[in-house]
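Before any comments, here is the structure.
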Amino acid sequence: MFQTILTALKGPTQARAQHCQSLRQSPDVMAGVAQLQKLCPADATNDPEAPIFLLSAGWRSGSTLLQRLIMSDSRVLIWGEPYDECGLIQALATSMKAFRPDWPPQEYFYDGTPPNQLSGEWIANLFPSLEDWRKGQRALFDAMFAAPAKCAGAARWGIKEVRLDAEHCAYLRWLYPKARFVLLYRNPLEAYRSYCRYGRSWYNTFPDQPVFTPTAFGTHWRNLMQGFLTDAKALDALVIRYEDLVAGLTPLDELEAYLNITIDRTVLKAKVGTSERGGEKARVNALERWLLRRAVAPVAEALGYEW
């Protein structure tokens, strides 16, 4: 009787055990993409697309300045956080978690049998191929980002974002094997101080992930930075420190060579827009500083940021 009640409330014992095992294995986007790379590797040989993904460790870290520098090459159009609060790329990348050695079963994939001969077969699970899965997801990016950029006269396109981490990079690399990744970061205290001027009212994704507090801001920064530092080499990414960029210590010729573009250096001297909007002033009290420091530790200290 007890087992019957437990099954009704929590599901079958075997299913729960398998679920617990899956959770212990901590399925993530990286693992799913690795599985897909085995079964359906992206082929860069005949792929001309080389989009640029400029990813910043959170808000107010200089990503727009770097975006402007890259777009000083007239051949390039970098979209700025397109439909940012929708979490489109995050949601698509999250779907990669489901791919694992025992799923999908091989017999689920369509084998080319004429449709008029399938009515007598078991077709409850009938999947297009993994290559079709990849082409379908990439078609969304091609239609939404590549096509309008080319209509605007740009030969290359890219996306500037402040919400994407290394796992999302792995997903994007599977879609575009020639993609280039530029990873930018800044002192989190200075970034947060700048963020305060905008009212601290932004979202990671709307409406479930607001970033209204120093803890939320710092946790977001730390999570992105951990992935940047751990996976930059595997992604063949270029990592840039904001303070070095504005001080002229970042070799722009290295950035040019990495992206195969030509940069107008005068962009660094041209101030566009202002942080002084009608929200809060850039005052961070002692409690906020403590909460932020706790959230970004120990990554910030390892990078030399102390306050």
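Taken together, the values in this text are just the output of simple stated rules run on the coordinates, not laboratory data. Owing to the predicted nature of the structure, the values given are computational and were not obtained by experimental measurement. Backbone-built Cβ (ideal geometry, glycine too); neighbour counts: all protein chains shown.
Listing for the model above:
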{"quantity": "Most fluctuating residue given options Leu175, Leu126, Leu65, as computed from a GNM of the chain linking Cα atoms under 10 Å", "calculated": "Leu126"}
{"quantity": "The chain, helix-only ellipticity at 222 nm - DSSP H runs n ≥ 4, -39,500 (n - 2.57), divided by all residues, nearest 500", "calculated": "-12000 deg cm²/dmol"}
{"quantity": "Percentage relative contact order, the stretch 30-134, counting C-alpha pairs under 8 Å, at least six apart", "calculated": "38"}
{"quantity": "Stretch gain in nm, segment Ser129-Glu254, where the contour uses 0.36 nm per residue and the Cα spacing is subtracted", "calculated": "41.0 nm"}
{"quantity": "Gain upon complete extension [Met1, Asn46; 0.36 nm per residue less C-alpha separation]", "calculated": "10.0 nm"}
{"quantity": "Normalised contact order of the chain, rounded percent, pairs of Cα under 8 Å and 6 or more residues apart", "calculated": "28"}
{"quantity": "Net length gained if the chain between Thr205 and Val267 were fully extended (0.36 nm per residue, minus Cα distance)", "calculated": "19.2 nm"}
{"quantity": "Cα gyration tensor, the stretch 63-203 - rounded (a/c under 1.5), prolate or oblate", "calculated": "prolate"}
{"quantity": "Two-site FRET efficiency, Thr215 against Glu121, from Cβ-Cβ distance with R₀ of 45 Å, rounded to 0.05", "calculated": "0.25"}
{"quantity": "Farthest toward positive dipole pole in the chain [+1 Lys/Arg, -1 Asp/Glu at C-beta], among Ala237, Leu36, Leu164", "calculated": "Leu164"}
{"quantity": "Most mobile of His19, His220, His168 in a GNM of the chain (Cα contacts under 10 Å)", "calculated": "His19"}
{"quantity": "Relative contact order (%) - the stretch 195-262, alpha-carbon pairs under 8 angstrom, separation at least six", "calculated": "14"}
{"quantity": "Among Leu172, Leu130, Leu287: highest mean-square fluctuation, GNM of the chain, C-alpha pairs under 10 Å", "calculated": "Leu287"}
{"quantity": "Partners for Lys150 among aspartates and glutamates (Cα-Cα distance below 18 Å; same-chain residues under 8 apart left out)", "calculated": "Asp47, Glu49, Asp73, Asp142"}
{"quantity": "Under the Debye formula (equal points on every Cα, no solvent term), log10 I(q)/I(0) of the chain at q = 0.10 Å⁻¹", "calculated": "-0.68"}
